[in-house]
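Presented below is the structure to which this report refers.
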Amino acid sequence: MTPARGLYLYASVPHDAQLGAVRGIAGEPVEIMRHARLGLVLGEVAVDRLAGLDDPAADPGALGALARRHDEVVRTAWAAAGAVLPFRLGTVLVDRDAARRYLDERAGELGPALQQVAACREWGVTVHERATELAAHADPIAAPDGRPGTAYLARRRQELVRAEAHRHARSHALSQLEGELREAAIDVAAGRHRTPDVVLDNSYLVPRDAEPAFFDAVDRCGDLLLEHGLQLELSGPWPPYSFVPRESRP
Amino acid sequence: MQNRSTSGSRYATEHRADSLADVLERVLDRGVVIAGDIVVSVVNVELLTLKLRLIIASVETAKEIGLDWWTRDPFLSSRAQGLELEAENRRLRERLDALEARLATGADRLAGDGS
């Protein structure tokens, strides 16, 4: 049976983290609960506040607003605590006992994971096709008098050679990007390639002191990719959403 | 806020309105997941379930406001698996059309030479 109220989780933080006055997704005061040398950033919410999203009549914009609010609270905790492990949207525990049981069970993973992401920020890098790229423009080969078939074959051959060189140059530029970014980052996570025109979708965990090198690589490789009809986009900084311990199902 | 400082890259996207899809992807797909009996069953708390129900409930409205990325997610939508193939088909059709047009031009020229 679902209780009326539950503890909505935003993030795990180091046990000594402090948080100012912050309001959560439902306007509730957000606090840090401390146990097992870790802190949980949480707020008490009415459960049907979330269950309402499930209503077919619900405004999908409400999910967008909730997502932004969740992200805002995680970011505030991040700024205050220095290191966070964000929870997925909609994670609700029954009560404080459940929260303590959770920390008892998972402190061994959460502690080291917090240390890994400390002093780092997540950056999203996507590369997608530029819309104009698919129209190939070959220099026409002049048709020798009366031999259009030969000219056509020559042109076709030229197109194929160019297409192959183009593919090769692109894949080389992409490998260079991946190699250089990986070097500046301490970890990388693959994204979902949301649309078919996305050829690369990665998140990088980058130490702050390595950011200048990371941005430098982004800019240089981004310019190179542009020459090959590919557009790079950098998003962030993000709290380390993509670099949290995986839950192993019991 | 200090964490919102702009990056030192020319390829940085604005962190505002246009990145709702990025925010959703991160807060719905990533982040720590808790499984087991210590979690309240809010809409079965599995977010995948929540997501799927939202899709069914409001996919049209969601599209209008740009929240439709999951319709192109092969894991969530069987339609998405066809999209890539569709795009390739379209490209191939366009090339075929272009080639046929060129062949027709060539044939006209040949016919012109013959007369």
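Ordering B:S9, A:S203 by the number of other Cβ atoms within 10 Å of each residue's own Cβ, fewest first, gives B:S9, A:S203.
For the pair A:H172 and A:A151, label points projected 7 Å from Cα toward Cβ lie 3.2 nm apart.
A:V22 sits among other residues whose Cβ lies under 14 Å from its own Cβ, and their net charge, with Lys and Arg +1 and Asp and Glu -1, is -2. Computed on the Cα trace of chain A, the radius of gyration divided by the Kirkwood hydrodynamic radius gives Rg/Rh = 1.16.
Considering only alpha-carbon pairs that sit under 8 angstrom and 6 or more positions apart, the relative contact order computed for chain A is 23 percent.
Ordered by the count of other Cβ atoms within 10 Å of each Cβ, fewest first, A:V74, A:V161, A:V41 give A:V161, A:V74, A:V41. For the residues A:V206, A:V198, A:V84, a GNM of chain A with alpha-carbon springs under 10 Å puts the largest fluctuation on A:V198.
Taking chain A as a Gaussian network of alpha-carbon nodes connected by springs under 10 Å, the highest mean-square fluctuation of the residues A:Q158, A:Q18, A:Q231 belongs to A:Q158.
Computed about its Cα centre, the charge dipole of chain A is approximately 340 debye, with only Lys, Arg, Asp and Glu carrying charge at their Cβ.
Here the residues B:Y11, A:Y10, A:Y102, A:Y152, ranked from fewest to most Cβ neighbours within 10 Å of their Cβ, fall in the order A:Y152, B:Y11, A:Y102, A:Y10. Each label was represented as a point 7 Å from its Cα along the Cα-to-Cβ direction; for A:R182 and B:R93 these points are 3.9 nm apart.
With the simple spin-label model, which puts each label point 7 Å out from Cα in the Cβ direction, the B:R10 to A:H228 separation comes to 1.9 nm.
Bear in mind that the values in this text are calculations on the coordinates, not laboratory data. Fair warning: this is a prediction, and the values are worked out from it, not measured in the lab. Reconstructed Cβ throughout: ideal geometry from the backbone, glycine too, with neighbour counts over all protein chains shown.
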